[in-house]
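Data first, discussion second: the structure below is written as structure tokens.
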Amino acid sequence: GLLPDSTKNLFAATRLKLFSDKIGIDKISLYDDKAHLTFADKTTIEPIKIINLVQQQPRTYQLKSQNQLIIKQEMPEDIERIVLIEDLLKKLCQLKS
């Protein structure tokens, strides 16, 4: 039969963790109305690319510190949070040179 939502979410969260490790994100914190991404010192994403993203969409993205990006968006469901962050990570991977 079909997998329960909790199992699907576990697989999606694991996939997200593996992908974030690959591009140099130390920590992802998800909430109903925002998410925090903490970049490693040796992230593969160039800082100027993150700054450009924040400047292009300041209502959605905000730099809290040199290595922390805040995504401000309503995400009441677990799977919505995971999908949003996966999409962002894919976008960030495309931004790297």
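Just so it is clear, none of the values below were taken in a lab; they were calculated from the coordinates. Remember, it's a predicted structure, so these values are computed and weren't measured experimentally. Please note: Cβ atoms are built from the backbone with ideal geometry, for glycine as well, and neighbour counts cover all protein chains shown.
Available extension along the chain between Q62 and T38 is 7.4 nm, counting 0.36 nm per residue and deducting the alpha carbon span. Applying 0.36 nm per residue to the separation of L2 and Y31 and subtracting their alpha-carbon distance, the gain on full extension is 7.7 nm. Converting phi to 3J(HN,Hα) with the Karplus coefficients 6.51, -1.76 and 1.60 and the offset θ = phi - 60°, the stretch 33-41 yields 10, 6, 9, 10, 10, 10, 7, 6, 4 Hz in sequence order, with x at every glycine or proline.
What the Cα convex hull of the chain gives, in volume per residue, is 95 Å³. By the rule of a C-alpha distance below 17 Å, with chain neighbours fewer than 8 residues away ignored, the aspartates and glutamates paired with K42 are D21, D26. For the chain, the longest principal axis of the alpha carbon atoms and the long axis of helix 47-56 meet at an angle near 80°.
When the charge dipole of the chain is built from unit charges on Cβ atoms (+1 for Lys and Arg, -1 for Asp and Glu) and taken about the Cα centre, the candidate among H36, L92, T14 whose Cα reaches farthest toward its positive end is L92.
The trypsin sites (Lys or Arg not before Pro) of the chain meeting both criteria, a DSSP state outside H, G, I, E and B (loop) and at most 13 other C-beta atoms within 10 angstrom of the site's C-beta, are K42, R59, K96. Exceedance of the 19 Å cut-off in Cα-Cα distance is limited, within the set K27/K90; K27/K91; K22/K64, to K22/K64.
Each residue of the stretch 16-32 is assigned a 3J(HN,Hα), and the resulting list reads 4, 4, 4, 5, 5, 4, 4, 9, x, 10, 6, 8, 10, 10, 10, 9, 4 Hz, derived from the Karplus form 6.51 cos²θ - 1.76 cosθ + 1.60 (θ = phi - 60°), x at Gly and Pro.
Mean residue ellipticity at 222 nm, helices only, the chain: -16000 deg cm²/dmol; runs of at least 4 DSSP H residues each add -39,500 (n - 2.57), and the sum is divided by the number of residues.
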